Amino acid sequence: MRETKLWHLAAGLILISALAGCKRDEARVYHVPKEDSSPSQAAPVATPEVAQPGMDSPPPSAISIPQLKYRLPDGWQEKPLSEMRVASFAVVGPKGQSADVSAIPLPIVGRDLELVNMWRSQVQLPATSDPNAIKQAESIAIGTEQGRLFNFVSEQPMIGKFQQRILVAMLTRGTMSWFFKMSGEDVFVISQKEKFLQFLKSVSFVENAPAQMAAAPVTQGGNADSIWTVPSGWQSMPPAQFLLAEFSISGTNGAKAEVNVAAMGGEGGGLLANVNRWRGQLGLGTAGENDLSQIAQSLDVPGGKATLVDFTGVDSKTSAHTRLVGVIVSQNGQTWFYKLMGAEPVVAQQKDAFVKFIQSANYANAR
C-alpha cells in the first residue's frame, strides 16, 4: 500500500510532524451503527501528519479539526489509527481480496494538480500538467456537501498479479480539505465502490471539539533547544504549512536556493514515492524500484543511515533550470525529509553545508 500514508502531499507530497502539536484527546471519530442512530463511544484520533512535504502555503496560527461521524458498511472492519488518519478500515472479500480505506484531514486548499500527480505516482502513472486532469473528477455527495471523486488505476500489476486502483474522495471545508481514500486490487475496489459512496453519504462533521496543531519550534544556532546547527548565511523563515523549518540562501547575481524540513510518522509513504515526488518537481520521469540503486546513495547520519538523491531539471512551477538535493532520514519511528532546491550554483556551493546541517540533528529536541 502506497499512501504517502496522504499520506499525505506534495508531490511535496508532503506530507508532517509540523502538526505534531495536535492534542490527541481533543479530536474524536464517531462510528454510528446501522441499528442504532446514537453515536458510540468516541475513539481518540491519531496525530495528523502530512505525507507530502513541500506543498508550501502560508501557515495558519492553528488548525481546527472537527469530529467525524459515519455509518460503517457491512464487511468493513475498523483498524487502529496510524499517522494522520482519523478513521481507518480494512475491507476483505470472500476470496481473500482486500482494500484499505482511510479518512485524512489536511489544511490544503487549491493544490489540486499537485495532489492528482501525487495519487498518480502511487499507482506508477506519470505526472501530468494537463489542468483537465482535475475536471475528470466525478461529482459525489460527502454527507450533505458536494465532493469530488478521483479514480486512478495502475497500468501494470502492483499487488501480486493484479493492478492497483485508488479512489480518492475530496471535500474542501473552509481552509481544510478532507480526503477519503480506498486502495487495493483493481477489480475488488470497483466492486466496493457503491459501498464507499454510501459511506461517504453517511459522513457528518461535528465542530465543537477542535484539535489545535502547531509547528515544532526551531531555533537558530546550536543551543540546547535546537534540533540542528544552522549554517551561517542561511536565513530562517517562518515555515510554511506542513514544514518544520525553512531557510533561504542567497548566492551571487540574485541566485537563490531554499532548504525545507518536514517529517511524518512511520515510513512517510515509502522511499520510491518520495523520490518520484521530488523528480516530478523537476519535470523528470518516474523512477522504478530497480532505478533506486543508480539514483540514490547512502549517507551517514546520527543513529544510522539516510538516503540522498541529487537531481537537476526544470522547476515545474517557474520553468527555471533547478537542482534539488533531497535526503530522507528514518529516526525514532518517524521519517524526516530534507530538501535543498534552487539555482544550480547555489545548491552546488551549499550541498556540503546542507549535509552537515542534517548530520547535526539532535532528534531528542524535536517536539
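The numbers here are math on the coordinates, done by the rules we state, and not lab data. Since this is a predicted model, take the numbers as computed values, not measurements. Glycine also receives a Cβ, built like all others from the backbone with ideal geometry; neighbour counts cover every protein chain displayed.
Tabulated data for the structure shown
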quantity	calculated
Label point distance in nm, Leu299-Ala320, each placed 7 Å from Cα along Cα→Cβ	2.2
Residue pairs, from the table Lys161/Lys193; Lys69/Lys305; Lys79/Lys161; Lys181/Lys351; Lys317/Lys356; Lys256/Lys356, whose Cα atoms sit over 30 Å apart	Lys69/Lys305; Lys181/Lys351
HN-Hα J in Hz across segment 291-298 - Karplus 6.51, -1.76, 1.60, θ = phi - 60°, x for Gly and Pro	7, 4, 5, 8, 10, 10, 9, 7
